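The structure under discussion appears below in the form of structure tokens.
The values are calculated or read from the model by the stated rules, or taken from the named source; none is laboratory data. Please read these numbers as outputs of a predicted model, since none were measured by experiment. No Cβ is skipped: glycine too gets one built from the backbone with ideal geometry, and neighbour counts run over all protein chains shown.
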Amino acid sequence: MSISVKTLSRTEPFVGHKACGGCGGSLVLRWVLKVLGERCYVVIPAGCMSAVSFVYPQMAIGVNAMIAPFAATAAVLSGIAAAVRAKGLEDVHVVGFAGDGATADIGLQALSGAFDRRERILYICYDNEAYMNTGIQKSGATPWGARTTTSPGGFRPSLSDPKKDLLRIAMAHGIPYAATGSVGYPSDLLKKIQRASQVDGPSFLHVFAPCPTGWGCGSDTAIQLGKGVVDTGLWPLLEWDGKALTISRTINRFAPLEDYLRLQRRFASVTPEEISAAETARDERWRELRRWVRATGATD
């Protein structure tokens, strides 16, 4: 059955949380668990979601869940997957939720190992583009121009050297399924969660998840920003099936980049000239992306 927001289960495996108002990560966690159901083993490393979702019984995840060391999400998932195989269980999901710091940086080695071993796990990176739980420090996924506590003037590498491309890293391992998603386009995300859950092997979802506290934006802007980042072309919605890459949402005309940036205080120091240069770099990345899609035999 095709899944959508309207057809989601009314059960709430995610009972509650203490996250900041408008937290995109908590929304990702809730939607994933509503799609997967109660037969889940969940692993979350030290970070935002582990800090706000394990206060039993008032606020807790309503499925089997544990907190892993910061760097060990995929390693712990591998151990649980081994136990599931040993017990002959076939109707459960082994799923991990980790932020961008715990995925793109400190946990990348463990994730690479799990991919190489072809563990039957679903790994989800909720990307809020900095180490939010420890003080809003820059991560390998912090975008160009963003202010953090370790880049107070705005992070400014070369525009031709953007944030780590986790989808390409996952694809390079030859895994059978990987995709990007955004809280701004829930129908697309829910379908990808469902597809990822059906894969016999490792699957990876990289999901854009706004953080009002770290980004300096309103608590009611998560969905707006989740749409804006896609519509401006900064976050392509993509899907890899092990053979071909497809563009889930083709954009013929990008929304103004300035409209997206001005909603977030973290980009307050970006100049009009820099925005223009960023748009040029974005256009080149999309040309490269479309060449890449054609090279795999898919269509955009």
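Quick rundown of the values:
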quantity: Filtered residues of the range 252-268 (kept if among the acidic types (Asp, Glu) and farther than 19 Å from Ile223 by Cβ); calculated: Glu258
quantity: Selection count, the range 27-40, where residues are within 16 Å of Asp220 (Cα to Cα) and crowded, with 24+ Cβ neighbours inside 10 Å; calculated: 1
quantity: Residues within the range 76-109 that are in contact with a helix residue (DSSP H, G or I) (Cβ under 7 Å, 6 or more places away or on another chain) and over 17 Å from Gly201 (Cβ atoms), tallied; calculated: 7
quantity: Single residue of Ala278, Ala295 found to be over 23 Å from Cys20 (Cβ atoms), surrounded by 16 or more Cβ atoms within 10 Å (Cβ to Cβ), among the small types (Gly, Ala, Ser) and at pLDDT below 95; calculated: Ala278
quantity: Tabulated pairs, the range 28-43, first within 22 Å of Asp100 (Cα to Cα), second at pLDDT below 90 and of a type in the set (Phe, Trp, Tyr), C-beta under 8 angstrom, 6+ apart or interchain; calculated: Leu29/Phe14; Arg30/Phe14; Leu33/Phe14
quantity: Subset tally (residues that are part of a loop (DSSP other than H, G, I, E, B), aliphatic (A, V, I, L, M) and under 18 Å from the mean Cα position of the chain (by Cα)) for the range 147-183; calculated: 2
quantity: Residues satisfying the stated conditions in the range 207-223, i.e. touching a helix residue (DSSP H, G or I) at 6+ places or on another chain (Cβ under 9 Å), surrounded by fewer than 20 Cβ atoms within 10 Å (Cβ to Cβ) and not in a loop (DSSP other than H, G, I, E, B); calculated: Ile223
quantity: Residue within the range 184-206 that is in a loop (DSSP other than H, G, I, E, B), under 19 Å from Val230 (Cβ atoms) and not acidic (Asp, Glu) present; calculated: yes
quantity: Residue within the range 268-275 that is among the hydrophobic types (A, V, I, L, M, F, W, C), crowded, with 16+ Cβ neighbours inside 10 Å and farther than 30 Å from Gln194 by Cα present; calculated: yes
quantity: Residue ID - modelled with the lowest pLDDT, chosen from residues in the range 144-163 that are charged (D, E, K, R) and buried (at least 18 other Cβ atoms within 10 Å of the Cβ); calculated: Lys163
quantity: Scan of the range 244-255 for residues that are of a type outside the set (Val, Ile, Thr) and either part of a helix (DSSP H, G or I) or out of contact with any helix residue (DSSP H, G or I) (no Cβ under 9 Å at 6 or more places or on another chain) (or both), ordered by number; calculated: Asn252, Arg253
quantity: Test: residue in the range 229-239 that is without any contact (Cβ under 8 Å) to a residue 24 or more places away in the chain and either closer than 27 Å to Ala172 by Cα or surrounded by fewer than 13 Cβ atoms within 10 Å (Cβ to Cβ) (or both); calculated: no
